[in-house]
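Asks: Take this structure first; my questions come after.
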Amino acid sequence: MSGITLTVMLAVLFLTASGGCVYGWRRNRKMYRVIDRMLDEILDGEEISQSDIKEGEISALASKAMRIREKVEAGILRAEEEKEQVKSLISNMSHQLKTPLAGLMMYREMLEDENLDDRTKKRFLHKMKQQSEKIDWILQSLFKMVNLEQGAVVFEAEALPVKETIQDAVSAVLDKADKKEIGIITEPFADRMLWHNRKWTAEVFVNLLENAVKYTENGGRITITVRPMELYTEISVRDTGIGIREKELTEIFRRFYRSRDVENLEGSGIGLYLSRLILEHEKGYMTVASEYGKGSTFSVFLQNCQNLI
């Protein structure tokens, strides 16, 4: 091979290598510009534009960039929703506690009057106790509600006889019912093993019975019935109270919801919402039927564990 031929071959190889380097440099620079543009679009919250480079690396990168943006947006949306939930919760807590706190402060100021007789002082102290108990009940209900919503409370459900659970709830509201001369009648039934937690489910029935007592006139009646079904057992609480308007039947289970018909009566709008949360944890559910002015029936459905015990 002559010296001239060797020189020509080396020159060709050099030019080829140089061209490859130039092409690689240009390609990498273009990739850099594409990546830089994608990052700017993600940071600015803009739509990610499609690159005119169709290589697999860039295509995969664009796909990942879009997924990153979707996750960032989903995180921002969740954060905004949680922020609104916290604001709503604080607002509602403030509203619920305002009345009993105002009452507590008023009775305290009255008790500072040195001219009050013992009988009046005793009456005011009793009023203060009632307001304190109401505040405690609201706070406890709020804590339970928030913990259940966040999954911070885990309670075990198991196969238990339902009769004792119902009796616990009835015992808790008997005094209030007696004061209004309201009869609570439990229709005879054979005890059944149902899937539930005795303490938490009793709280569901207490909420339903207290509402029934609250919204039923003196001398009314509350009837509890237990009806076995194939998969569930229905436990109904039927009252002869004021009833619920049809348009509100889907609203009453919302957190803090209170009908205009009862806004002047004591209540927090937490009980039914909390009851629904408890039943969801037990894989049960609740329904309501009502005729305005004539009464309501709340039905709790708990899963069967076996037939009659």
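The values are calculated or read from the model by the stated rules, or taken from the named source; none is laboratory data. Note that the structure is a prediction, hence the values are computed from the model and not measured. Cβ atoms come from the backbone with ideal geometry, glycine included; neighbour counts cover every protein chain shown.
Asks: Being at pLDDT 70 or above and exposed (fewer than 13 other Cβ atoms within 10 Å of the Cβ) narrows it down to one residue among GLN140, GLN167; which is it?
Replies: Details: GLN167 fails: exposed (fewer than 13 other Cβ atoms within 10 Å of the Cβ).
After applying the criteria, what remains is GLN140.
Asks: Here is a further query. Please verify whether GLU203 is touching a residue at least 40 places away in the same chain (Cβ under 8 Å), surrounded by fewer than 12 Cβ atoms within 10 Å (Cβ to Cβ) and either under 20 Å from ASN304 (Cα atoms) or assigned by TED's automatic domain parsing to the domain that holds LEU274 (or both), treating the condition exactly as stated. Lay out the reasoning, then the answer.
Replies: Details: touching a residue at least 40 places away in the same chain (Cβ under 8 Å): yes; surrounded by fewer than 12 Cβ atoms within 10 Å (Cβ to Cβ): no; either under 20 Å from ASN304 (Cα atoms) or assigned by TED's automatic domain parsing to the domain that holds LEU274 (or both): yes.
Taking the combined requirement at face value, the residue does not satisfy it.
Asks: Suppose the filter is surrounded by 10 or more Cβ atoms within 10 Å (Cβ to Cβ), modelled with pLDDT of 75 or more and among the aliphatic types (A, V, I, L, M); does MET93 pass it?
Replies: Values: surrounded by 10 or more Cβ atoms within 10 Å (Cβ to Cβ): yes; modelled with pLDDT of 75 or more: no; among the aliphatic types (A, V, I, L, M): yes.
No: the conditions fail for MET93.
Asks: Same structure again: With the requirement that a residue be β-branched (Val, Ile, Thr) and surrounded by 14 or more Cβ atoms within 10 Å (Cβ to Cβ), what does the range 114-137 give you? Write out each step before concluding.
Replies: Going through the range 114-137, the residues β-branched (Val, Ile, Thr) turn out to be 120, 135.
Of everything in the range 114-137, just one residue is β-branched (Val, Ile, Thr) and surrounded by 14 or more Cβ atoms within 10 Å (Cβ to Cβ), namely ILE135.
Asks: Do you know which residues across the range 208-249 are assigned to a loop (DSSP other than H, G, I, E, B) and of a type in the set (A, V, I, L, M)?
Replies: Initial filter on the range 208-249 (assigned to a loop (DSSP other than H, G, I, E, B)): 215-220, 229-231, 240-245, 249.
If the condition is that a residue be assigned to a loop (DSSP other than H, G, I, E, B) and of a type in the set (A, V, I, L, M), then MET229, LEU231, ILE242, ILE244, LEU249 are the ones that fit.
Asks: Exactly one of these conditions fails for LEU277: (1) within 26 Å of LYS163 (Cβ to Cβ); (2) in contact with a Lys or Arg (Cβ under 9 Å, 6 or more places away or on another chain); (3) modelled with pLDDT of 90 or more. Give me its number.
Replies: Of (1) within 26 Å of LYS163 (Cβ to Cβ); (2) in contact with a Lys or Arg (Cβ under 9 Å, 6 or more places away or on another chain); (3) modelled with pLDDT of 90 or more, only one is false for LEU277: (3).
Asks: If a residue has to be surrounded by 19 or more Cβ atoms within 10 Å (Cβ to Cβ), aliphatic (A, V, I, L, M) and within 15 Å of VAL226 (Cα to Cα) to count, how many in the range 171-192 make the cut?
Replies: Narrowing the range 171-192 to residues surrounded by 19 or more Cβ atoms within 10 Å (Cβ to Cβ): 173, 177, 182, 184, 192.
From what is left, the residues that are aliphatic (A, V, I, L, M) are 173, 177, 182, 184.
This time we only want the ones that are within 15 Å of VAL226 (Cα to Cα), so: 184.
Total satisfying the criteria: 1.
Asks: Hey, can you tell me all the residues within the range 148-162 that are in contact (Cβ under 8 Å) with a residue 60 or more places away in the chain and not hydrophobic (A, V, I, L, M, F, W, C)?
Replies: GLU149, PRO161
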